[in-house]
Amino acid sequence: MSSEVSAMTFPVHTARATRSNTVDVAILMAAAAGLAHAFSTPTHWRWWQASGVFFALIAVAQLGLAAALFLNRTSTKVVLAGIWSNVVVVTVYVASRLVALPGQPGQTAHGAPKAPGRSFLPAAPEGVGAFDMFSLLVELGLIVLLLTLLQGRTRTRVTSALMYCGIGFCAFAVWSLMSGGAIR
Amino acid sequence: MSLSRRDVIKTGVFAGAAVALPAVKLAGVGAATATPFPETLLPKPFTRPFSPPPVAVPYRKDTTCDYYKMSMQAVDAEILPGYKTTVFGYNGSVPGPTIQAVQGRQVVVRHINALPAQHPILGYTPWTSVHLHGSASLPQYDGYASDITMPMGGTREDGSVCVDGEYKDYHYPNFQPARTLWYHDHGVHHTAENAYHGLVGMYTMYDAEERALPIPQGKYDVPLIIGDAMFQAPFTDAAGVKRAPLLFSLDDQSGHWGNVIMVNGTPWPIMKVEPRKYRFRVLIATISRSFKFNFKASTGVAVPYQVIATDGGLMPAPMTVSSHRQLGGERYEIVIDFSKYAGKTVDMLNTSPKNNINYANTDKVMRFQVGTVVTDTRNNSVPTTLTKKRDIMNLTEAMVAKDANGQPIVRTLRLERSNGQWTVNGTTWEKIIQSNYQFVEAQPLAGTVEKWIIQNNSGGWYHPLHIHLVDFKVLRRNGQPPMAHELGPKDVVYTGENETIELLVKFDSAGKYMVHCHNLVHEDHDMMTQFEVLEPDGSKCWDDPMISAVAKDMSMEALDVL
């Protein structure tokens, strides 16, 4: 029933006719990022259930964003939600590559699975891989595209906040490098 | 709507930081751990004096047994002149002191894990399990990888801390014929790091037959424990001590190859010898490197030599060769006659087998400076027959046990890399752990002979395949007779690129034992499985490697009489 209502309210061919190319690309990027996180959810669940839940939530949010954009829901609220949810994802990503996250399980030798009687290494930052770097770039591109959908002062406030986030990343990185001993 | 220049800059700060910082962190960590010691500052080959490892002194003796106490601990060694390197030693010695045993007299070694709670650079907890390689020890004293002994303060997987550290007494029966054995760490997933940092030592066993031979003995019977290492860029610590830590790299888990060749812990040493025959017990204790040795005199001529013993002891007859290849875990006893080279030098060289990573001086091993005076002319020959008592060398395919269908029992072990892991028949040690140590690759009966085929279908790497507990006979290599130097009892076989090796294996006693690649990085990641020898009636062995003799807490050590 609801799908019939949706189809009547937002006929697909009408929506396509009125969407900009920017939104089209944003839909693809949100869907790609959502699928990437959905794909990675089982692995993360096995490693650390909290991260599995986080990945599942990200996947739902990003696929939901893709759906909303596809249905021409491009209000400021939707766009802002899309931007900030992806900023949260990027922030957690950066933090996880700089330090071990609170509650993160310790790792067994060379990443070997846990087994009774083994000791393990302290929890450590995750490595940087091609797949997660791809997801990161897609999310950054998505944030930029969503910014272009904002108007005037709202956009200015958001870009200023992003800049402060970037500066915060740098400060956090310096702290983590010093505390981790990589800077002597 | 397009972004203004100001918006682009502000967003760029965010995006740039998000992309660049993780990469910078990785690059920073890599630089801090991977800068090697400058090759130009390494010692010149053949300038450092040779020294044998010290001989272990028993803690006490009784009528049937010698008792030793070994403390595994971190010590500073001066491997590179002028620089301190933190290594792991047995009783502070790297390599560890040589234990000299006599057939028929048992040995008990109390191994105490006094290592730090965490490796200062690599960060892992250095738990240990000591394997006496070449000994048919009971399963619980064989250095089963998962039968670990914890250091003080080491953290277990469940988060608990081993407050006092642990020790374990290892019992060695010494009923086998004379041979060159060695003890080394076998702790699960950390064998490579622990052995690389020095947890290796020789164990020589003598018997009446070998003692009666006129072959070189005493000071003319010399251990050569050959290893390789790489060092980090030097620095001066807070106490003003110049340091060059060991550099360890897994190289995508393919192995670790150093640029410094060491003999008994000394880089490219020079040894003074008399112009007579010497017997060298050559042990390769590298993590991954294999060698093809040859000897060359300063006159330019190649020096032939005789191989008189292999992993499991004396060969039936000496084999004269001009070179031989040897890899991790293999032991060969060779006799070199220096009598023709008085006043000259003889170099031990390495024409490296393929798939090693070589550096400027990895083609050199050590030099012998031949004197002009012989101080002892006894035991200066090699008889044409060394032994007739090694049953293993008399095995034939006709002796292979038959299965229920009357067919000879032939088992194949495929050594391969699968999904980024090193496997034996697709099995890793993780499978053994997940089965609570019940999964076994094979269940031969004690007292039977089986034919095992070792396959390496890759051209990209070689594997030293080691079977615990047993001695075996190399029957064929790629359908051809074995190499001359392999014509003796073995427990490690060089499984080269695209090679298939046929072995005859006799199982004399029951229990669960490991079989694995002795490229220790492969072993750790996770090319190791196990077999279980059943009692002749088909029942399981009472002794269990994980249960029958576990490590004890150090708080009990003073009360536990050795």
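We did not get these values from a lab; they are worked out from the coordinates using the rules stated. Bear in mind that the values here come from a model prediction, so they are computed numbers and not experimental data. Heads up, the Cβs are rebuilt from the backbone with ideal geometry, glycines too, and the neighbour counts pull from every protein chain shown.
What is the extension gain from B:Met399 to B:Glu497, computed as 0.36 nm multiplied by their sequence separation minus the C-alpha to C-alpha distance, in nm to one decimal? Provide the component values of the computation, followed by the final result.
Details: separation 98, 0.36 × 98 = 35.28 nm, distance 2.93 nm.
Taking B:Met399 through B:Glu497 to full extension adds about 32.4 nm, to one decimal.
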### Message
Taking θ = phi - 60°, what integer Hz values does the Karplus form 6.51 cos²θ - 1.76 cosθ + 1.60 yield along segment B:541-553, in sequence order, with x for Gly and Pro?
### Response
5, 5, 7, 10, x, 9, 10, 5, 8, 8, 5, 10, 6
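Summarise the partner chain shielding of A:134-143 as one whole number: the mean count of Cβ atoms from other chains within 10 Å of each residue's Cβ.
Mean inter-chain Cβ contacts per residue within 10 Å come to 2.
Around B:Phe46, what is the net charge, scoring Lys/Arg as +1 and Asp/Glu as -1 over all other residues with Cβ under 9 Å from its Cβ?
Details: positive: B:Lys44, B:Arg48, B:Lys364, B:Arg367; negative: B:Asp347.
Cβ neighbours under 9 Å give a net charge of +3.
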### Percent RCO, i.e. relative contact order, over chain B, from Cα pairs under 8 Å lying at least 6 residues apart
14
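Does segment B:19-133 classify as rounded, prolate or oblate by the C-alpha gyration tensor (a ≥ b ≥ c root eigenvalues; a/c under 1.5 gives rounded; else a/b over b/c gives prolate, otherwise oblate)? Working shown, then result.
Numbers: a/c = 3.65, a/b = 1.77, b/c = 2.07.
Oblate, since a/c reaches 1.5 and b/c is not below a/b.
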#### Entry: Estimated distance in nm for a label pair at B:Met546 and B:Arg476, the labels positioned 7 Å out from Cα along Cα-to-Cβ
3.8
### Tail fraction, Cα-Cα pairs, the protein assembly as shown, threshold 52 Å, whole percent
25
### Message
Could you tell me which residue out of B:Pro49, B:Gly143, B:Gly265 lies farthest along the dipole of chain B toward its positive end? Charges go on the beta carbon: Lys and Arg +1, Asp and Glu -1, centred on the Cα centre.
### Response
B:Pro49
### Task
Describe numerically, in nm with one decimal, the distance between label points set 7 Å from Cα along Cα→Cβ at A:Arg73 and at A:Val92.
2.0
### Query
With each pseudo-label sitting 7 Å past Cα toward Cβ, what's the B:Ser298-A:Thr148 distance in nm, one decimal?
7.8
### Message
Run lengths n ≥ 4 of DSSP H only: what is the helix-derived mean residue ellipticity at 222 nm for chain B, with -39500 (n - 2.57) per run over all residues, to the nearest 500?
### Response
-3000 deg cm²/dmol
### Message
So if each residue of separation counts as 0.36 nm, and I subtract the Cα-Cα distance between B:Ser71 and B:Ile409, what length gain in nm does that give?
### Response
117.3 nm
### Message
Whole angstrom only: what separates the Cα centroid of segment B:286-347 from the Cα centroid of segment B:421-463?
### Response
31
### Query
What's the average, rounded to a whole number, of partner chain beta-carbon atoms within 10 Å of each residue's beta-carbon in A:167-174?
4
#### Entry: Rg to Rh, two decimals, where segment B:451-515 supplies the alpha carbon set and Rh follows Kirkwood
0.97
### Summary
segment B:151-261, convex hull of Cα, quarter of hull surface, nm² -> 12.3
### Task
Determine the dipole magnitude for the protein assembly as shown: charges of +1 sit on the beta-carbon of Lys and Arg, -1 on that of Asp and Glu, nothing else is charged, the reference point is the Cα centre, and the result goes in debye to the nearest 20.
2100
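Please state the shape class of segment B:77-120: rounded when a/c is under 1.5, otherwise prolate if a/b exceeds b/c and oblate if not, all from the C-alpha gyration tensor. Walk me through the numbers on the way to the answer.
Working: a/c = 5.88, a/b = 1.75, b/c = 3.35.
It is oblate, given that a/c is not under 1.5 and a/b is not larger than b/c.
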### Task
At q = 0.13, 0.15, 0.18 Å⁻¹, work out log10 I(q)/I(0) for segment B:436-562 with the Debye formula, treating every Cα as an identical point scatterer and leaving solvent out; two decimals please.
-0.64, -0.79, -1.02
### Message
Suppose the chain between B:Thr64 and B:Met556 were pulled fully straight at 0.36 nm per residue; how much longer would it get relative to their current alpha carbon spacing?
### Response
174.6 nm
### Query
R0 = 22 Å: FRET efficiency of B:Ala20 with A:Leu35, Cβ-based, nearest 0.05?
0.30
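Could you calculate the FRET efficiency of B:Asp363 with A:Val53 from 1/(1 + (r/R0)^6), where r is the beta carbon distance between them and R0 is 41 Å, rounded to 0.05? Provide the component values of the computation, followed by the final result.
Numbers: r = 56 Å, r/R0 = 1.37.
The pair B:Asp363/A:Val53 has a calculated efficiency of 0.15.
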### For B:Val303, residues with placed amide H under 5 Å, excluding near neighbours
B:Phe295, B:Lys296, B:Ala297
